[in-house]
Amino acid sequence: PPPANAGRAPGPPDGGWGWVVVFGAFISIGFAYAFPKGIAIFFKEIQDFFGTSYSEIAWVSSIMLATTYGAGPISSILVNRYGSRPVVIFGGLLCGIGMVSAAFCTSILQLYICAGFITGFGLALNLQPSVIIIGKYFLKRRPIANGLAMAGSPVMLCTLAPLNQFLFDNFGWRGSFLILGAILLNCCVAGALFRPIGAATASVKTQATVEEKGALKKEVTKDAMEMSSSPMDVPMETKMEEEGGKDCCEKINRYLDFSLFKHRGFLIYLIGNVLMFLGFFAPIVFLAPYAKHIGIDEYSAAFLLSILAIVDMIARPTTGIVANSKWVRPRIQYFFSFSIAFNGACHLLCPLASGYMGLVIYSIFFGLAFGMVCAMLFETLMDLVGAARFTSAVGLVTIAECCTILLGPPIGGTLIDTFGDYKYMFIKCGAVMVLAGTFLFIMNYYNYRVLAKEEKERKAKEEDPKSVRTENEGRNNWNKETVQDEPELEPLREEKEGLQKEANGT
């Protein structure tokens, strides 16, 4: 006979090849988050070449970022169907094709399609599988692994900024796009490192196939019995349509678990994150223009982003180590709520920074808070829904966040245009993030209380002898009633004995 765990998938190894997977995720996540911000250095020359306004050319990054988040459900479906490795490799090919095609564009609309939609969709196919595969390789050390993988974003941002400037000075924007398309093909190499985990996958699939065949036979037999016993005037077309609708819903729900919208913790996380992203990216976009607005030179203003990225680079893995400690891990949702509120507090204090040293201090604290939030963004979601439903949860969350990501910077720009001052934009972003952090803290406290109460009630039911006594008393009462009703049940008892004799004879 086969061993007891023959069809059971092995647990996460928490190391070994998992660290190679973290390195691959470091590359793919870094490109997914940093590339839409890094190509902004080419916008001035592209704007002059096509004769467009800055707002029109800025839509390239916005479309790319929104597509990266908006295509989350499609990426999750593909991961559930084919696995992380082929999806990331295909996404790397799309990124390369999109940027190479963008080098030959002759209109801004073509640039939207090639650099915005195609490259953005390729980055989406890099982001989701990289986050998902880490959850399959790590359990105890998962916060550390997520923190190291998410550190790819600031590292890539620090690398792409001087690299893009070098390429721009030597090859122009068209030649730079060709070279960047070739560089993005490294995502295919990162995807090749995502080795599927578990040698028992085939046996699990075989066992599932056998079970499905057995269930199918039972359903066919049951349907045949119901058809023989049911009246013939029932229309068969109606039954077929209902069964077809059920099959379609089951197929969709297998790839995207919409029952998560009944999950209390998931809904709390979703509402808090959608609110948070209204003020999450706008301060990064407007930090350098704000520095120039108060009279700081261009190179010093650009250096503020480098300071932010360097601190962010250190903060992400450090946050992962802290979140993995025995004091923080059981209540990681509180730590995540504090990080969001801390981020908002930094933005609220930013208008007080009147000189360059004040902005440097703001950049340091902003980088620390930004890294803390990003390091726990997906870890807290997996903590709520579990690894089995995480793939669907990521897809549903990113499609909801896509709208606020797209609206956040334009709302901030509208405030700047209306009041002629950047401080109202920072105040708006800070207030929104403090509100989001407070909401998550209060609702997670409520969620923890309800979960503890439900667990206590469940244990009380299992251990309470009164419930067992009540069941025994009910069974005894039923036996007494049966004895009292014995004369009335005599014909049924005789019929039952006759059926037993026939069965024994058979």
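All of the numbers you see were taken from the coordinates with simple rules; none came from a lab. Note that the coordinates shown come from a computational prediction; the quantities given were computed from them, not determined experimentally. Every residue, glycine as well, gets a Cβ built from its backbone with ideal geometry; the counts of neighbours run over all protein chains shown.
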Which order do peptides 74-81, 103-110 fall in by mean Cβ count within 10 Å, highest first? 74-81, 103-110
Expected output is a single nm value to one decimal: the length gained when fully extending between R331 and T438, i.e. 0.36 nm times separation in residues minus the C-alpha distance. What is it? 37.0 nm
Rounded to whole Hz, the Karplus (6.51, -1.76, 1.60) HN-Hα couplings of the range 329-336, x for glycine and proline: 4, x, 10, 5, 5, 5, 5, 5
Which of the listed residues, S28, I41, T67, is farthest toward the dipole's positive end in the range 11-197, when Lys, Arg count +1 and Asp, Glu count -1 at the beta-carbon? S28
Among 176-188, 134-146, 405-417, 349-361, how do they line up by average Cβ neighbours within 10 Å per residue, starting with the highest? 134-146, 176-188, 405-417, 349-361
FRET efficiency for V20 and K423, Cβ-Cβ distance as r, R0 = 56 Å, nearest 0.05? 0.75
Using per-residue counts of other Cβ atoms within 10 Å, averaged over each peptide, order 455-462, 280-287 from highest down. 280-287, 455-462
In whole Hz, with x marking every Gly and Pro, tabulate ³J(HN,Hα) for the range 387-392 from phi via Karplus 6.51 cos²θ - 1.76 cosθ + 1.60, θ = phi - 60°. 5, 5, 9, 5, 4, 5
Using only the alpha-carbon atoms of the range 11-197 as identical scatterers, what base-10 log of I(q)/I(0) does the Debye formula give at q = 0.11, 0.17 Å⁻¹? -0.46, -0.99
Each residue of the range 180-187 in turn: what ³J(HN,Hα) in whole Hz from Karplus with 6.51, -1.76, 1.60 and θ = phi - 60°, glycine and Pro shown as x? 5, x, 5, 5, 5, 5, 5, 4
Stokes-Einstein diffusion coefficient for the range 258-457 at 20 °C in a medium of 1.002 mPa s, Rh from the Kirkwood formula over Cα pairs: what value in µm²/s? 121 µm²/s
In this structure, the FRET efficiency calculated for C403 and A460 from their beta-carbon separation, with R0 = 60 Å, to the nearest 0.05, is 0.85
Among the listed pairs K37/K423; K136/K428; K326/K423; K37/K428; K140/K459, which have their C-alpha atoms separated by more than 28 angstrom in this model? K136/K428; K326/K423
Rounded FRET efficiency, nearest 0.05, which uses the C-beta distance separating R81 from A192 and R0 of 22 Å: 0.70
Per the charge dipole of the range 258-457 (beta-carbon charges, Lys/Arg positive, Asp/Glu negative, Cα centre), the residue among F335, F365, T319 reaching farthest to the positive end is F335
Pull out the extension gain between I411 and S354, defined as 0.36 nm times the separation in residues minus the alpha carbon to alpha carbon distance; nm, one decimal. 18.2 nm
Alpha-carbon centroid distance for the pair the range 383-461 / the range 277-319, whole angstrom: 22 Å
Added length on full extension, which subtracts the Cα-Cα distance from 0.36 nm per residue, K262 to L451: 66.6 nm
